[in-house]
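Enquirer: Got a structure here, written out as structure tokens. Questions coming.
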Amino acid sequence: MSRIGKRPIQLPDGVTATVEGKTVKAKGPKGELQFVVNDEVLVKLEGGAISVDPRDQSKMARSKWGMSRTQIANIVDGVKDGFEKRLEVNGVGYRAAMQGKTLQLSLGLSHDVQYTAPEGITITVPKPNEVVISGIDKQVVGQVASEIRKFRAPEPYKGKGVKYAGEKIILKEGKKK
């Protein structure tokens, strides 16, 4: 039995949800999102809470149960508060800047890296070595953060590169004479 799937999703103030067949739509102050659940899962809206149940006790239905509940909880949280990821740019001469809607990264390459955010995502640069990615869809925010990190992942000897805020880079010891 899924311990996550058993818990109903309470709808906070200011968020409305509708269940139409397999589609769950949530609307709140930040925007509107929807999620289409798998055929193996049943979704019900009862008294200000969304409950998710497996259609039967098959392995496939039980495996989709907790994931579907978490996805629905994420869209409810996203339309209410939104999500944000912070990245740190470490290294001599490494910096980030915004030019209009394009993120410009100087990462020690022969050229500056230009990254245009997808629709619904906001990128800000409060400091030259810090990038903040925010939006209402948790999956897209994480995907954008991952794509920016891939331009120059932190290397294990000096820790130079783009890393998540709070990420611990375990440094290796260099060669000894």
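Computed from the coordinates by the stated procedures, all read-outs in this text should not be read as laboratory data. Worth saying up front: this structure is predicted, and the values here are computed from it rather than measured. For neighbour counting, all protein chains shown are included, and Cβ atoms are generated from backbone atoms with ideal geometry for every residue, glycine included.
Enquirer: Zone of A97 (label point 7 Å along Cα→Cβ, backbone N under 19 Å): which residues in the stretch 112-152?
Expert: It comes to 112-117, 123-132, nothing else.
Enquirer: For the stretch 1-136, what is the largest minus smallest coordinate of the Cα atoms on each principal axis, given in angstrom and ordered from greatest to least?
Expert: That works out to 57, 34, 21 Å along the principal axes.
Enquirer: About its Cα centre, how strong a charge dipole does the stretch 3-80 have in debye, to the nearest 20, once Lys and Arg get +1 and Asp and Glu get -1 at the Cβ?
Expert: On the way: 14 positive and 9 negative charges, 54 e Å.
That gives a dipole near 260 debye.
Enquirer: Could you run the Karplus curve 6.51 cos²θ - 1.76 cosθ + 1.60 with θ = phi - 60° over the stretch 93-109 and give me ³J(HN,Hα) per residue in whole Hz, x for Gly and Pro?
Expert: Here the 3J(HN,Hα) series is x, 7, 7, 10, 7, 9, 10, x, 9, 9, 8, 10, 10, 9, 10, x, 8 Hz.
Enquirer: Compute the Rg/Rh shape ratio of the stretch 127-172: radius of gyration over Kirkwood radius, all on alpha-carbon atoms.
Expert: Values: Rg = 11.8 Å, Rh = 11.7 Å.
Across the stretch 127-172, the Cα-based Rg/Rh ratio is 1.01.
Enquirer: Using the charge dipole of the chain (Lys, Arg: +1 at Cβ; Asp, Glu: -1 at Cβ; taken about the Cα centre), state which of S58, A97, Y157 has its Cα farthest towards the positive end.
Expert: Of the options given, the answer is Y157.
Enquirer: Taking the Cα centre as origin and putting +1 on Lys and Arg beta-carbons and -1 on Asp and Glu beta-carbons, what dipole magnitude results for the chain, to the nearest 20 debye?
Expert: Values: 31 positive and 20 negative charges, 203 e Å.
With Lys and Arg at +1 and Asp and Glu at -1, about 980 debye.
Enquirer: Same structure, new question: For Cα pairs less than 8 Å apart in space and 6+ apart in sequence, what is the mean separation divided by the residue count of the chain, i.e. the relative contact order in percent? Display every interim value, and only then the final one.
Expert: Values: 344 pairs, mean separation 31.7, N = 177.
That works out to 18 percent.
Enquirer: On C-alpha positions alone, give me the angle between the axis of helix 138-150 and the longest principal axis of the chain, in degrees, nearest 10.
Expert: Orientation of helix 138-150: about 20 degrees from the principal axis.
Enquirer: Right, here's the next one. What lysines sit close enough to K44 to cross-link, taking a C-alpha to C-alpha distance under 20 Å and skipping anything fewer than 8 places away on the same chain?
Expert: K6, K22, K25, K27, K64
Enquirer: Simple spin-label model, 7 Å along Cα-to-Cβ: K150 to E20 in nm?
Expert: 3.4 nm
Enquirer: Specify the inter-centroid distance of the stretch 90-111 and the stretch 134-162, based on alpha-carbon positions, in whole Å.
Expert: Here the two parts' Cα centres lie 13 Å apart.
Enquirer: Pick out, from L45, G21, G142, the residue whose Cα sits farthest towards the positive end of the charge dipole of the chain, with +1 on the Cβ of Lys and Arg and -1 on the Cβ of Asp and Glu.
Expert: Among L45, G21, G142, the one farthest towards the positive end of the dipole of the chain is G142.
Enquirer: Taking H as built 1.01 Å from N, whose amide H comes closer than 5 Å to the amide H of R152, not counting residues under 5 places away?
Expert: V162
Enquirer: Kindly write out, for the stretch 48-63 in residue order, the coupling ³J(HN,Hα) from the Karplus curve 6.51 cos²θ - 1.76 cosθ + 1.60 (θ = phi - 60°), rounded to whole Hz, with x marking Gly and Pro.
Expert: x, 9, 9, 10, 10, 9, x, 5, 8, 9, 6, 4, 5, 5, 5, 6
Enquirer: Report, in deg cm²/dmol and to the nearest 500, the calculated mean residue ellipticity at 222 nm for the chain, where each DSSP H run with n ≥ 4 adds -39500 (n - 2.57) and the sum is divided by the residue count.
Expert: On the way: 3 runs with 39 residues, N = 177.
After summing the helix terms and dividing by the residues of the chain, the value is -7000 deg cm²/dmol.
Enquirer: Same structure again: By its C-alpha gyration tensor, with a ≥ b ≥ c as the square roots of the eigenvalues, how is the stretch 70-177 shaped: rounded for a/c under 1.5, else prolate for a/b larger than b/c, else oblate?
Expert: On the way: a/c = 2.82, a/b = 1.59, b/c = 1.77.
Oblate, since a/c reaches 1.5 and b/c is not below a/b.
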